[in-house]
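Below is one structure, written out as structure tokens; comments come after it.
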Amino acid sequence: MTASTPTLVTFAVYIAAMLLIGWWAWRRTRTFDDFILGGRSLNPFVTALATGASDMSGWLLMGLPGALYVGGASESWIAIGLVAGAYANWKLVAGRLRVYTERADNALTLPDYFTRRFEDRSGMLRIYSAVVILIFFAIYSASGIVAGARLFELTFGVDYTTALWAGAAATIVYTLVGGFLAVSWTDTVQATLMIFALVLAPIVVISSVGGVDTSLAIIRELDPGRLDFLRGTTAVGIVSLLAWGLGYVGQPHILARFMAAESVQAIAPARRISMTWMVLCLAGAMAVGFFGIAWFGANPDAAGPVKDNPERVFIVLSQLLFNPWIAGVLLAAVLAAIMSTLSCQLLVCSSALTEDFYKTFLRPRATQTELVWVGRATLLAVALVAIVLAWNPENRVLDLVSYAWAGFGSAFGPVVVLSLLWKRMTRNGALAGMLTGAIVVLVWKQYAWFGLYEMVPGFALACLAIVVVSRLGAPPAATVQAKFDEVEREVAAA
């Protein structure tokens with residue numbers, strides 16, 4: 001199945017618009033602060049949609065519908081966990097992190113925040129957290145490139161290698177040129193496209209089958225187990241799916257959006273907008289996958305591409321059920337989901353390499369212009385590494401995302417939350433938590449003990465390590481505790 005002229009035109013217009021935003025952002029990017037945090041200038045609407053779009057990558061329109069298509073209703077536990085985790089992230093972390101990073105000598109990156117929060121003069125927190133970012137974001141970025149390759153491969157009928165380069169090129173260019181402002185404003189456009197697609201697509205899929213009752217009857221006839229929320233699940237399985245929500249508090253690309261909000265007062269309206277967007281998008285993605293079972297059950301001759309790879313279900317239904325022009329918009333929404341997350345991941349990696357390695361250890365007196373160009377060079381280098389990791393056509397988007405999500409959630413999540421809520425936490429406690437979380441995820445992933453998602457033991461043991469090591473050591477310095485109290489007062493007054 002190859003793309004029609006309307007689809008080609010729609011893709012071309014969409015990509016041109018993203019590049020135009022990148023050019024606009026180029027003209028407004030003068031300092032390294034502008035390049036990696038946009039000068040902390042995002043209004044509530046942009047903060048909300050940029051956060052949502054950077055979170056919901058290609059897995060939203062590919063991995064999640066594919067999971068529902070294969071497993072049925074029992075796969076929806078993951079969405080429940082994600083909604084709960086995202087809300088907790090907005091309530092507990094967003095406002096405090098926005099204030100703390102500014103008060104901690106204008107920390108621009110997560111490693112920078114950890115270093116200044118605990119007054120770590122050894123550089124250990126900065127080095128280790130930057131290394132964690134580079135390792136897990138290389139995997140995470142590879143998932144976005146795989147998703148883009150799948151889209152171009154199926155839509156344009158090209159081979160996987162060609163699709164790999166085509167899918168990555170536009171994202172790399174506008175991120176390279178425009179930095180954080182380009183990423184945030186393109187995310188806003190992309191989030192709008194995504195919600196349009198995920199509200200419209202399930203309505204048309206259900207209608208084309210004959211309505212909800214008819215769809216459910218077909219699914220029941222094909223496999224009644226797909227209607228069962230508990231089918232094939234165990235307590236361990238449900239906990240594993242719900243545990244995805246724990247990961248939010250440790251994702252650097254999401255936390256960067258909180259840091260870039262124009263003020264702490266912008267967080268509450270941004271939370272309401274973002275959570276509404278998220279619930280609608282998750283519901284739409286799940287509905288496409290679930291009711292896609294009924295559509296392909298009624299049209300088995302068209303099911304070939306989806307049988308080969310269930311993650312294609314949204315793409316194939318868009319091509320089959322919609323006018324080519326509308327289909328082009330829906331497929332552009334898939335590209336938008338991929339580009340929005342990939343762009344901010346590349347930017348966070350670039351920030352870590354430039355701010356936390358180059359500026360800190362190699363060129364402390366580097367000019368702002370020099371740092372911006374080094375940031376662009378490192379971004380390109382990370383993108384090339386991610387492309388190499390994505391080279392295997394057997395990669396699955398959801399598998400790559402789950403690994404990286406657990407890595408960040410366990411290594412950074414407990415450290416972020418406790419550093420914002422517990423004054424007694426120490427530098428050694430933070431380092432112990434990061435090491436424990438990352439190591440547990442890496443080891444647990446290899447052995448998959450008890451079938452439990454590696455996020456659960458990683459997060460729990462990291463929290464335990466932080467508390468134990470912090471309690472065993474001397475209390476934090478008076479200046480560290482005073483800064484904590486200052487931030488708490490400002491957050492309470494907001």
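The values are calculated or read from the model by the stated rules, or taken from the named source; none is laboratory data. This is a predicted model, so every value here is computed, not measured. Neighbour counts are summed over all protein chains in view; Cβ atoms, including those assigned to glycine, are modelled from backbone coordinates with ideal geometry.
The listed residues are TYR14, TYR69, TYR87, and the only one of them that is aromatic (Phe, Trp, Tyr), more than 14 Å from VAL183 (Cα to Cα), surrounded by 20 or more Cβ atoms within 10 Å (Cβ to Cβ) and at pLDDT 85 or above turns out to be TYR69. Looking only at segment 111-131, decide whether some residue is in a loop (DSSP other than H, G, I, E, B) and aliphatic (A, V, I, L, M). There is no residue in segment 111-131 that is in a loop (DSSP other than H, G, I, E, B) and aliphatic (A, V, I, L, M).
May I ask you to verify whether LEU200 is under 24 Å from the mean Cα position of the chain (by Cα), assigned to a helix (DSSP H, G or I) and closer than 30 Å to ALA25 by Cα? Don't jump to the end; show me each part of the working.
Numbers: under 24 Å from the mean Cα position of the chain (by Cα): yes; assigned to a helix (DSSP H, G or I): yes; closer than 30 Å to ALA25 by Cα: no.
In short, no.
Would you check if there is a residue in segment 458-477 being part of a helix (DSSP H, G or I), in contact (Cβ under 8 Å) with a residue 12 or more places away in the chain, surrounded by fewer than 18 Cβ atoms within 10 Å (Cβ to Cβ) and among the polar types (S, T, N, Q)? There is no residue in segment 458-477 that is part of a helix (DSSP H, G or I), in contact (Cβ under 8 Å) with a residue 12 or more places away in the chain, surrounded by fewer than 18 Cβ atoms within 10 Å (Cβ to Cβ) and among the polar types (S, T, N, Q). Exactly one residue out of SER240, SER207 is touching a residue at least 40 places away in the same chain (Cβ under 8 Å) and assigned to a helix (DSSP H, G or I): that is SER240. Of all the numbered requirements in (1) under 20 Å from the mean Cα position of the chain (by Cα); (2) touching a residue at least 40 places away in the same chain (Cβ under 8 Å); (3) farther than 23 Å from ARG424 by Cβ, TRP165 misses one, and that requirement is (1). Scanning segment 412-450 for residues that are modelled with pLDDT of 95 or more, polar (S, T, N, Q) and out of contact with any Pro (no Cβ under 6 Å at 6 or more places or on another chain) turns up SER419, ASN428, THR436.
The set of residues in segment 427-457 that are crowded, with 22+ Cβ neighbours inside 10 Å and either touching a Cys at 6+ places or on another chain (Cβ under 8 Å) or of a type outside the set (Gly, Ala, Ser) (or both) comprises ARG427, LEU431, GLY433, MET434, THR436, VAL440, VAL441, TYR453, GLU454, MET455. When the helices (runs of 4 or more DSSP H) confined to segment 311-419 are screened for residues that are of a type outside the set (S, T, N, Q), surrounded by fewer than 24 Cβ atoms within 10 Å (Cβ to Cβ) and under 16 Å from the mean Cα position of the chain (by Cα), those reaching at least 3 such residues are found at 397-411.
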